[in-house]
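Beneath this line is the structure, given in structure tokens, with notes to follow.
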Amino acid sequence: MERPTISVLINNYNYGRFVARAIDSALSQQASNVEIIVVDDGSSDQSRSVLDGYDKRVKVLFQENQGQAAAINAAVKLSSGDILCFLDADDWWAPGKLSATAAAFHSNPQASLVYHRLQPTQTDGSPAFRPIPRTLCSGNLPPRLARSAGWWPFPMTSAVAVRRTAWDAAGDIPEQFRMSADAWLTGIYPFLGSVVALSDSLGFYRIHNNNWYRPVDDAAMLRKRMAHWQATVEATNRFLSAHDLAGSLRLTDHYPYRVASAKLQGADTLTRFRLAVEGLFFAGEPNLLRRTRDALRTAYDLPRLGQDVGVSESAG
């Protein structure tokens, strides 16, 4: 049997109401030599009955709940493709996604990671706002990441594809990434090869209460993000050290982390000024106009010391 060139790896946990659309969008791709693998991470909803309906068209593994990283790792172990394309069960792809991704890897033999934009959508599938990420980054990213504590306008999991040889070099996603496994993929793989960004929106990112997107972060979410960013920096440094790769990341260079801290504590005039200047020179955002706008807006919107910080504790 011919080895599949592309492995589609879908991780699912209690998204029985969404997963069929994800699978169907993969089945409808025109690319050749594709296998589709779904790992259900201990769902307690109707996911099993939905997945059972795909019979032999899709390889399905049911496992006890262990988190997104473990589900993706299990899917990769079952796969045999040279290109690994990841898809969250609550998202879906546009036609042509797999063929465009395969072409990009073929044209860029040094690429470890290929990604594209996603169109954010409401739960009903209607567009929410402009495609993300708005700024695209290609080429040799480590010099930029070394100055930004690894932060860049990274794509979500459903936009990411990696070369299997890079996966083999990196190893499994650490299971500390129980959520947001894309932080490992987009944080580590740029150190293993070049990155290729496709400007088209070749997928759809569904916004709902279970994912990381929030119009406004409450205090609990800000703290969760800060803990996640810190853990990601630490994990990246361990990886760089273990693989004898040059450089290390410093959390003090992580501008979004510093802004989140200021939002929680409030900011005096000097802090506001310093963060505005840091934002103007933040290496993580390559687009000068967007960087300037965001820095000035962030400094202006920060709550003052001694006043309500403007973010409430989460009720849940």
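In summary, the lysines within cross-link reach of LYS56, defined as a Cα separation below 26 angstrom excluding same-chain residues under 8 places away, comprise LYS77, LYS97.
Based on DSSP H segments of at least four residues, each scored -39500 (n - 2.57), the chain has a per-residue ellipticity at 222 nm of -11000 deg cm²/dmol.
Principal axis extents of the C-alpha atoms in the stretch 57-186 (largest first, rounded to whole Å): 39, 39, 30. For the stretch 219-300, the solvent-accessible area of protein heavy atoms averages 55 Å² per residue (probe radius 1.4 Å; ligands and nucleic acids excluded). When the chain is described by a simple charge dipole with +1 on each Lys and Arg Cβ and -1 on each Asp and Glu Cβ, the residue from SER44, ALA267, TYR54 located farthest towards its positive end is ALA267.
Placing unit charges on each Cβ (+1 for Lys and Arg, -1 for Asp and Glu) gives the stretch 6-206 a dipole about its Cα centre, and among VAL195, PRO155, GLY16 the Cα reaching farthest toward its positive end belongs to VAL195. Around the Cα centre of the chain, unit charges on the Cβ atoms of Lys, Arg, Asp and Glu (plus for the first two, minus for the last two) sum to a dipole of about 860 debye.
How would you order 285-294, 17-26 from highest to lowest mean count of nearby Cβ atoms within 10 Å?
In decreasing order of mean packing, 285-294, 17-26 become 17-26, 285-294.
If exposed GluC sites (Glu not before Pro) are those in a DSSP loop with at most 12 other Cβ within 10 Å, what is the longest stretch of the chain that has none? Between exposed loop sites, the widest span is 65-312. Per-residue packing, averaged as other Cβ atoms within 10 Å, sorts the ranges 255-261, 137-143, 50-56 into the order 255-261, 137-143, 50-56, beginning with the highest. Of the solvent-accessible surface of the stretch 148-195, computed with a 1.4 Å probe over protein heavy atoms with every protein chain present, carbon and sulfur atoms account for 57 percent.
Evaluate the Kirkwood expression for the hydrodynamic radius of the chain, namely the inverse of the mean inverse distance over all pairs of different C-alpha atoms, and round to one decimal in Å. Averaging 1/r across every pair of different Cα atoms and inverting gives 20.4 Å. Against the empirical 2.2 N^0.38 Å (N residues), the stretch 153-276 has a Cα radius of gyration ratio of 1.19. Figure note: PHE282, PHE129 ranked by solvent-accessible area, largest first, 1.4 Å probe, ligands and nucleic acids not counted: PHE129, PHE282. For the stretch 1-62, rounded, prolate or oblate, judged on the Cα gyration tensor with a ≥ b ≥ c (square roots of eigenvalues), a/c < 1.5 rounded, else prolate if a/b > b/c? In terms of gyration-tensor shape, prolate. Once backbone amide H atoms are built at 1.01 Å from N, VAL60 has VAL38 as its partners under 5 Å, excluding neighbours fewer than 5 places away on the same chain.
The values are calculated or read from the model by the stated rules, or taken from the named source; none is laboratory data. The structure presented is a predicted model; accordingly, all values stated were derived computationally and were not measured. Quick reminder, even Gly has a Cβ in these numbers, built from the backbone with ideal geometry, and neighbours come from all protein chains shown. Please note that ligands, DNA and RNA were not included when accessible areas were found on the heavy atoms of the full protein model with its side chains. Shrake-Rupley method; radii C 1.70, N 1.55, O 1.52, S 1.80 Å.
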